[in-house]
Amino acid sequence: MHQMTLAEIARGLADKKFSSEELTRVLLSRIATLDPQLNSFISLTEDLAITQAQAADARRAAGENGPLLGAPLAHKDLFCTQGIRTSCGSLMLDNFKAPYDATVVSRLASAGTVTLGKTNMDEFAMGSANESSHYGAVKNPWNLECVPGGSSGGSAAAVAARLLPAATGTDTGGSIRQPAALTNLTGLKPTYGRVSRWGMIAYASSLDQAGPMARTAEDCALLLQGMAGFDPQDSTSIDEPVPDYSASLNTSLKGLRIGVPKEYFSAGLDPRIAQLVHESVKELEKLGAIVKEVSLPNLQHAIPAYYVIAPAEASSNLSRFDGVRFGYRCEDPKDLTDLYKRSRAEGFGPEVQRRIMVGAYALSAGYYDAYYLQAQKIRRLIKNDFMNAFADVDVILGPTTPNPAWKIGAKTHDPIAEYLEDFYTITANLAGLPGLSMPAGFVDGLPVGVQLLAPYFQEGRLLNVAHQYQQATDWHTRAPEGF
Ligand code: GLN
């Protein structure tokens, strides 16, 4: 039962082969047995899951029949969930029970999904390895000594290990696509503004975007359908109609123009991953696509620009955690300054503190022009590069990550080495574009992802290309041994 995709579950539930409650109980016991190896959950919500499953079964018995009705999933632990701990992977929010549901959570709940729990993540979504969580590192089910990627590493590990069919993630600089690549999943970061950020604990507000993580593009289409849409509570959410993502999955790729940026094949890229990227291109050519070289001349400036902008926004967003209103408070503060200082010094981990300091520095009066303003200019140049490229091609294809999953601890003492893992993903966030990672092969038994980028609001095209690729290949069906 645990091997089923969301689409298969939807069919099984519609055909009354099993009930949502039966399926939910199977998955909850699987989580209880297997998750201790992975540490992919921060909180389990068994009682809520059973109640929601029973309610979904009752709705179905009364004649309702939506594709997500009774579908089990989990939420990254930065989506606010009413009455349930929403920790953001941090001691700072270890005691925080959200007073309301995030829009993503409430939309999916009204579509009938069943929440099994809240997944582990890098603290405040800062990281590419899921090692910075207050609740401990998440293990990659493909090799328990390796990282699953981050920051949505808990969602990735749980879905890859077949503990559940799908989960939500968020992507500020790659946190859906990168862990999807490292665990053999399909993950989609939508266009900025496509999915509401209301109730999502902010990291870098101009970059953050929620999206689906699942094993197939077909499942990502189902999940995105339940997440996307205008939300008056989020001033950056965009009032555009949501297309039927499942309806375009079978569009032929004949004549589709795929651009491959020449700058992608630089020294930092593992040559074995480059080889798999070329093979995926050949596969898509067989399906009728036309491949062209394109150029993203400002690509090399993306990491430095991102690692100024994201910490700058984080330093501002995280100022609300002051030990006064909610979250962690130090013991016996001497005075108000001591309360602020010690609550923040004790409540935040080292990576979060590093980013707050870098961000506050970049925004300070003396350095604003030199760092923040320059980074914003680079951001515009990167966006322009994409607009030029998309004048000639329909999608851009390349690696999702320069390397496969690395050993836990291998980059812990070298934050820059970890930042470089975001080379291929962060440009989509800087430009606000949608991006998808899909399984495309293995290196040393570890999964490799290929990334597709498209113009604004072309999520349907990304899902279409990935679905067609998945009809012709079987990488996405491979499961890690022991799960
Ligand atoms: N690795 C990037 C960072 O640490 C991206 C994280 C994310 O997308 N949330 O900022």
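Bear in mind that the values in this text are calculations on the coordinates, not laboratory data. No experiment lies behind these values; they were computed from the predicted model shown. Please note: Cβ atoms are built from the backbone with ideal geometry, for glycine as well, and neighbour counts cover all protein chains shown.
Worth a mention:
- The coefficient of translational diffusion for the stretch 62-220, derived via Stokes-Einstein from the alpha carbon Kirkwood radius under 4 °C and 1.567 mPa s, stands at 86 µm²/s.
- Proximal charge balance of Leu27 [Cβ under 12 Å; K/R count +1, D/E count -1]: -1
- Interchain or long-range residues, amide H under 5 Å from Gly435's placed H: Lys189
- Net charge of the neighbourhood of Gly66, taken over other residues with C-beta under 14 Å away and scored Lys/Arg +1, Asp/Glu -1, is +1.
- Taking packing as the residue-averaged number of other Cβ atoms within 10 angstrom, the listed peptides 431-438, 36-43 run from highest to lowest as 431-438, 36-43.
- For the pair the stretch 390-421 / the stretch 124-164, the C-alpha centres are spaced 16 Å from each other.
- A Stokes-Einstein calculation at 37 °C with viscosity 0.692 mPa s, built on the Kirkwood radius of the chain over Cα pairs, returns a diffusion coefficient of 148 µm²/s.
- For the chain, the residue among Ser315, Leu188, Ala102 whose Cα projects farthest onto the positive side of the dipole built from Cβ charges is Leu188.
- For the pair the stretch 303-350 / the stretch 176-227, the C-alpha centres are spaced 27 Å from each other.
- The Cβ shell under 13 Å around Gly174 holds other residues with a net charge of -4, Lys and Arg each +1, Asp and Glu each -1.
- Rough spin-label spacing in nm, given labels placed 7 Å along Cα→Cβ, for Lys262 and Ala370: 3.5
- Size of charge dipole - the chain - debye, nearest 20, with Cβ of Lys, Arg +1 and Asp, Glu -1, no other charges: 260
- Bridgeable aspartates and glutamates around Lys411 (alpha carbons under 12 Å apart, same-chain partners fewer than 8 residues away excluded): Glu131, Glu421.
- In this structure, the pairs whose alpha-carbon distance is over 31 Å, taken from Lys97/Lys189; Lys97/Lys383; Lys76/Lys334, are Lys97/Lys383; Lys76/Lys334.
- Cross-link partners of Lys282 among lysines, defined as those whose alpha carbon lies under 24 angstrom from its own and excluding same-chain residues fewer than eight positions apart: Lys254, Lys262, Lys292.
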